[in-house]
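A short worksheet on the structure shown next.
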Amino acid sequence: MEIIRKWVQTIMALLVNGSWSFPFTRTIYQGPLKVVCSPGLNCYSCPAATTYCPIGSLQQLMAGIRLALENGQNFFGLYVIGTMGVLGATFGRLICGWVCPFGLIQELLHKIPSRKFSIPQKLNYLKYGFLFFFVILLPLTVVDDFGYGQLWFCKYVCPAGTLEAGLPMLMLQPALSQTIGLVFFNKLTILIGFIIWSILASRPFCRTSCPLGAFYAFFKKFKLVKLRLNEENCTKCEACHPVCPMGVKFNEAPEDAECISCLKCMTEACKYDAIHLEVAGLPLGSQSGMKTHRPKRNNAAA
Amino acid sequence: MIKSPQLPIVLLNRCLLGIEIMTAARENKSKRVCVAPFITILIFLIMGIVGIMTGEVNRVLEQAVQVCLSCIGIG
């Protein structure tokens with residue numbers, strides 16, 4: 001299953017970054033596919049990006065809401081929020097585990113042999129702050145003389161933007177290097193920090209800072225596709241704890257907002273058919289159909 | 001052969017039994033299929049359609065085809 005997931009992640013990363021004419025054009029893709037929402041975090045200023053980044057677009061719309069209203073355009077971000085909501089209500093954070101290119105990069109970095117560390121649970125709440133303040137509130141309220149706000153998350157934080165767009169654009173257009181300043185070096189430091197952190201800990205950006213992951217996390221109870229715990233079969237052996245890349249203790253919190261439905265707990269850890277995938281409450285891909293049901297382990301023996 | 005005085009009672013019993021079976025089936029079905037995700041999807045789908053109708057798609061496209069250098073920390 002893990003091989004299939006890696007293939008899906010790779011194919012999706014190539015699909016949302018499918019324009020490879022940039023070495024010749026020296027700029028970004030400008031075709032009509034850019035009205036399609038990228039399900040994962042993928043900067044639309046990346047030269048190869050074929051889709052728009054929902055977080056970038058949402059900030060753009062929030063930042064320009066005053067100007068749009070003055071011009072009689074009722075742009076409240078409904079198209080972007082609607083698209084994100086449909087994706088979130090269907091898949092939730094499964095997108096983080098199966099589709100997001102930046103998630104794939106972090107997973108590959110984590111494979112570099114080193115001492116591994118856990119991430120304190122309290123840091124998980126930071127991403128909700130980034131979503132609320134950096135993506136919505138600050139672009140909406142802190143405006144210049146013309147009434148236009150800034151893209152706070154893209155400009156000051158997003159390491160995916162630096163990696164996928166900032167650095168490639170500097171390579172494609174070397175003249176831009178004369179314009180880089182403190183903001184770019186600040187973002188470069190954040191990127192390097194997350195690269196090192198990704199080697200040492202599993203998916204640190206997804207867990208602590210990703211506003212898109214925070215948005216999808218709101219659908220933990222209402223999403224169509226989710227993992228379900230069969231408490232009757234669960235022996236509380238805790239085999240699902242160490243395999244989870246997001247630090248979820250699935251048998252204790254099956255509806256944890258951090259679960260990215262990577263299915264590692266279901267396919268690699270649980271031997272008692274206690275975890276299954278369900279669509280709208282109907283079981284799908286239950287292990288009962290794939291391997292023999294084993295009797296409940298004796299707690300005394302455990 | 002059912003005698004005529006007993007016929008209404010038998011029919012009533014059968015009707016009640018039918019209603020009981022249908023109610024049980026409906027309860028069973030509601031336990032299995034979760035409707036909340038579909039309602040949530042529908043709400044966001046309507047939001048998206050409203051956004052399309054207000055012309056927000058063109059605005060998104062305009063923004064997405066331009067390189068926002070200050071957005072990526074350059075310039």
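Laboratory data are not the source of any read-out in this text; all were calculated from the coordinates shown. A quick note: this is a predicted structure, and the numbers were derived from the prediction, not measured. Don't worry about glycine lacking a Cβ; one is built from the backbone with ideal geometry, like all the others, and counts go over all protein chains shown.
Before moving on, here are some points about what is shown:
- Springs between Cα atoms under 10 Å define the GNM used for chain A, and in it the highest mean-square fluctuation of A:P32, A:P159, A:P211 occurs at A:P32.
- Of A:A239, A:A89, A:A13, the one that fluctuates the most in a GNM where chain A has Cα springs shorter than 10 Å: A:A239
- Diffusion constant of chain A at 4 °C, which comes from Stokes-Einstein with the Kirkwood Cα-pair radius and 1.567 mPa s, µm²/s: 63
- Volume per residue of the C-alpha convex hull in the range A:120-220, rounded to whole Å³: 126
- Using just its DSSP H runs of length 4 or more, each adding -39500 (n - 2.57), chain A gives a mean residue ellipticity at 222 nm of -10500 deg cm²/dmol after division by all residues.
- The range A:45-189 gives an Rg/Rh value of 0.99, both radii derived from C-alpha positions and Rh following Kirkwood.
- The amide H of A:I275, built 1.01 Å from its N in the peptide plane, has A:N230 as neighbours under 5 Å, considering only residues 5 or more places off or on other chains.
- When chain A is treated as a Gaussian network with alpha carbon springs shorter than 10 Å, the biggest mean-square fluctuation among A:V135, A:V225, A:V35 belongs to A:V35.
- Per-residue mean of C-beta atoms belonging to partner chains within 10 Å, peptide A:32-39: 3
- Restricting the chymotrypsin sites (Phe, Trp or Tyr not before Pro) of the range A:106-182 to loop positions (DSSP other than H, G, I, E, B) with no more than 14 neighbouring Cβ atoms within 10 Å leaves A:F117, A:F146, A:Y148.
- Theoretical FRET efficiency, 1/(1+(r/R0)^6), r = Cβ-Cβ of B:E62 and A:M171, R0 22 Å, to 0.05: 0.30
- Charge dipole (Cα centre; +1 on Lys/Arg Cβ, -1 on Asp/Glu Cβ; no other charges) of the range A:2-217 amounts to roughly 700 debye.
- With Cα atoms as the point set, the range A:225-289 shows a radius of gyration and Dmax of 10.4, 28 Å.
- Peptide-level mean, for A:69-79, of C-beta atoms on other protein chains within 10 Å: 5
- Qualifying trypsin sites (Lys or Arg not before Pro) for the range A:91-178 [loop in DSSP, other Cβ within 10 Å: at most 15]: A:K111, A:R115, A:K116
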